[in-house]
Amino acid sequence: MARRSTKTPPPDDSFEERILDIDVVDEMRGSYLEYAYSVIYSRALPDARDGLKPVHRRIVYQMNEMGVRPDRAYVKCARVVGEVMGKLHPHGDASIYDALVRMAQPFSMRVPLVDGHGNFGSLGNDDPPAAMRYTECRMAEATSLMTESIDEDTVDFSPNYDGQEQEPVALPAAFPNLLVNGSSGIAVGMATNMPPHNLGEVISAARHLIRYPNADLDTLMKHVPGPDLPTGGRIVGLEGVRDAYETGRGTFKIRATVAVETVTARRKGLVITELPFTVGPEKVIAKIKDLVNAKKLQGIADVKDLTDREHGLRLVIEIKNGFVPEAVLEQLYKLTPMEESFGINNVALVDGQPLTLGLKELLEVYLDHRFEVVRRRSEFRRTKRRDRLHLVEGLITALVDIDEVIRLIRSSENSADAKQRLMERFSLSEIQTQYILDTPLRRLTKYDRIELEAEKEKLTAEIAELTRILESDAELRKLVSAELAAVAKKFGTERRTVLLEASGAQQAAVVPLQVADDPCRVLLSSTGLLARTMNGEPFPADTDGRRAKHDVIVSAVPATARGEVGAVTSTGRLLRINVVDLPQLPDTATAPTLAGGAPLSEFLSLEDGESVICLTTLDESSPGLALGTEQGVVKRVVPDYPSNKDELEVITLKEGDRIVGAVELRTGEEDLVFITDDAQLLRYQASQVRPQGRPAGGMAGIKLTEGAKVISFTVVDPAADAVVFTVAGSRGTLDDSVQTTAKLTPFDQYPRKGRATGGVRCQRFLKGEDCLSFAWAGPVPAKAAQKDGSPAELPELDPRRDGSGVSLPKTVSVTAGPV
């Protein structure tokens, strides 16, 4: 068994131990500076020349190299990301795809650089983009301007991360991309945040600066008054914008674009069509809900997102009745992302150094870059044309004596000998001689000589033009200005963002949040429309003969904007209505109609066959209601309306009975008027009826003959002028469309009688008539209308109390006096 050696092996001199003592402060300083430089120069800050960060520049350049141009088919984003990552970008695919997605979003870029196909996310990133394997892309039409003439030695190239590929240091950029699309990024110890601008405005300012290099900031701001954000909105306060254009730093506020609209029959709402830059609707909705739940925001009834592809952004915020929409809007601006601050920080790389630039400096850096691009492009093109001209001149020389050329070639020992003899015989250069030898015989015809002569003239003219541009700074500037003008004409769009000097907050601050409890009047039309007036003044009379649909007001009561009124129904119920819920009419002095009202069904739930008879105040100091029923019952209701009940009973009706008329008494000294279908009218003072509690069933009001019923119950002030209007018909043909005769009689023709008596006759029936189909008694001037609310005319006044009627051209279904 072998024995293992225990001796230590001799040291190997080929492995020398090296330990370097480095101060940790120096190491941290050096490493951190290298990291900071890498982040600043190679990742976070855009270049002031083309406005792109390295990742964006690599995406655009690689798409151009791949041929994924606007006139080509879409390719998967994953393919573009893979090419960029494999050849140019030393970081992961996530950062590349995130940058590509942003370049395709029309709400992020004022002029998108990528034409995306698929889900590329939504405003505010509420809906994130799909994975790169699902989306497709190609260069946008404007992106071709960024790489235009890049193959004409217009920009410098540098090695990629492994030295196997070349990438441009900056793109030619035929438009000022940094100002147009803006940029944002966080580096080490510095950051950039630049808003987008309008392409046409920026180019206009650049062209002005080309013509007048000493132009001041105020002059340039006449062309670029402020940012133009992709999502529109309103920029409030331009002082911060001017500060940014002057010093490179400034702050302004962006407000959503909001309109106050009537979103339902009962409510107004705030309709948002544009939000601040980078703010999405979901963020606004979530914030509003949180504030409402925390009771920090008042007046919001509901929030709906009605955004779609056809109409774009539409966020509807319903306002509770009783709140002023403008005041609620000011709260939303203050508490939600509907108003956001944007801090401008124009930090960009200039010659590899981060600098803070104002508007003029940004334009100057871009224009200097553009001058250099056009100069290098012109030099490249002139060189190419000179080289071609040199070849064309040699070929023309050969064609002049083509027989001698052929003889020399045929008699030469080899191609080298032929080349040397041609150079000596015709004084040609080596390049010209080689081109002649390589040219096929079929190109040496007489027609080709003519073509060559024309090409020579064209090349000579182009070289002269390029030389003129290169030798004249004025011509160079003129060419750059013309090219910028062509870009603006093709890709320029209208401004989207509105610029406001001030917010108007001071003016809005004096507007109370809730609607003031001002006096008003609540109106009920003959067609069942409800509304309130702007003040407590009576509804105006029809003084100039104008008549409109829905202008017959059957009931009107005084109220306050935040008060309540009651609606008396045909079944004896009194239902509460909040006045603030009713739509407000415009100035009634100029629009005496209820066409802007809302139907009763929006506010009350009525049973089948139930109708609203009148409106009443809930003032318990009033004389109360006077009711008349179809079976001849009368009742004065004691005004007792408990505030904790939304529905009250004002009379206990007998089976089969219903209320035909109800009016709130003003003094208690009015006359009560019953009119029956057998043409009997009974008038007596309201004081003859004893007030009763709400559950009571009333008392006998008029004595009816067998088979008769009450068709009208009204209250008339005996001190005012009044009339009685009756319409006769036949029981067998009672229909709204059938009418025989009508009569209008002064009210004072009918004497007072005792309560529960039969009354006096109010119209004599003609042949074929046996009943009244419609009747009404009330003050003048009276208005009449058809069933649909259309105006109708009343007959001339007839002083005969029991005379017969006259025919009317239109059927009258409702009549009412002034309110």
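Every read-out reported here was derived from the displayed coordinates using simple, explicitly stated rules and does not represent laboratory data. Quick caveat, the model's predicted, so the values are computed rather than measured. Neighbour counts are summed over all protein chains in view; Cβ atoms, including those assigned to glycine, are modelled from backbone coordinates with ideal geometry.
The table below lists the values:
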quantity: Average Cα contact separation per residue, segment 384-516, under 8 Å, 6 or more apart, as relative contact order %; calculated: 27 percent
quantity: Normalised contact order of the chain, rounded percent, pairs of Cα under 8 Å and 6 or more residues apart; calculated: 9 percent
quantity: Shape call, segment 427-466: gyration tensor on alpha carbons, a/c limit 1.5; calculated: oblate
quantity: From phi via Karplus (6.51, -1.76, 1.60), per-residue ³J(HN,Hα) for segment 123-138 in Hz, x at Gly/Pro; calculated: 4, x, 6, 5, 10, x, x, 6, 5, 5, 6, 9, 9, 10, 7, 7
quantity: Which of H550, H91 has the fewest Cβ neighbours within 10 Å, and the rest in rising order; calculated: H91, H550
quantity: Global form of segment 257-337, assessed from the alpha-carbon gyration tensor, a/c cut-off 1.5; calculated: oblate
quantity: 222 nm mean residue ellipticity, helices alone, for the chain (DSSP H n ≥ 4; -39,500 (n - 2.57); rounded to 500); calculated: -9000 deg cm²/dmol
quantity: For V400, V365, order by how many other beta-carbon atoms lie within 10 Å, fewest first; calculated: V400, V365
quantity: Computed FRET value (nearest 0.05) for V515 with T251, which takes r as the C-beta separation and R₀ as 56 Å; calculated: 0.95
quantity: Listed pairs K456/K478; K703/K810; K320/K654; K268/K549; K253/K478 exceeding 31 Å between Cα atoms; calculated: K703/K810; K320/K654; K253/K478
quantity: Cut-off of 10 Å, at most 13 other beta carbons, DSSP loop: longest stretch of the chain lacking such GluC sites (Glu not before Pro); calculated: 18-309
quantity: Gained length - V498 relative to D802, 0.36 nm times residue gap less alpha-carbon distance; calculated: 102.2 nm
quantity: Cα-centred dipole magnitude for segment 547-687, charges only on beta-carbon of K, R (+1) and D, E (-1), debye, nearest 20; calculated: 260 debye
quantity: Qualifying trypsin sites (Lys or Arg not before Pro) in segment 206-313, DSSP loop, other Cβ atoms within 10 Å at most 13; calculated: K295, K296, R309
quantity: Positive-end residue, the chain charge dipole about Cα centroid, Cβ charges, pick of S601, L582, N345; calculated: S601
quantity: Residues with amide H under 5 Å from that of G624, placed H, sequence gap 5 or more; calculated: L665
quantity: Cα shape, segment 36-199, gyration tensor, a/c 1.5 rule; calculated: rounded
quantity: Simple spin-label estimate for T262 and A36 in nanometres, 7 Å along Cα-Cβ; calculated: 6.4 nm
quantity: Correct option for log10 I(q)/I(0) by the Debye sum over Cα atoms at q = 0.06, 0.08 Å⁻¹ [calculated from the coordinates] among [x] -0.67, -0.86; [y] -0.68, -1.01; [z] -0.36, -0.65; calculated: [x]
quantity: Residues listed by number, segment 134-162, amide nitrogen under 15 Å from A78 label point at 7 Å toward C-beta; calculated: 134-137
quantity: Segment 251-379: relative contact order in percent, alpha carbon pairs under 8 Å with at least 6 residues between; calculated: 27 percent
quantity: Reachable aspartates and glutamates from K296, criterion Cα separation under 14 angstrom, eight or more residues apart if same chain; calculated: E330
quantity: Förster-model FRET efficiency, 51 Å R0, D153 and D243, C-beta, rounded to 0.05; calculated: 0.80
quantity: Cβ-based exposure ranking for H390, H89, in which fewest neighbours within 10 Å come first; calculated: H390, H89
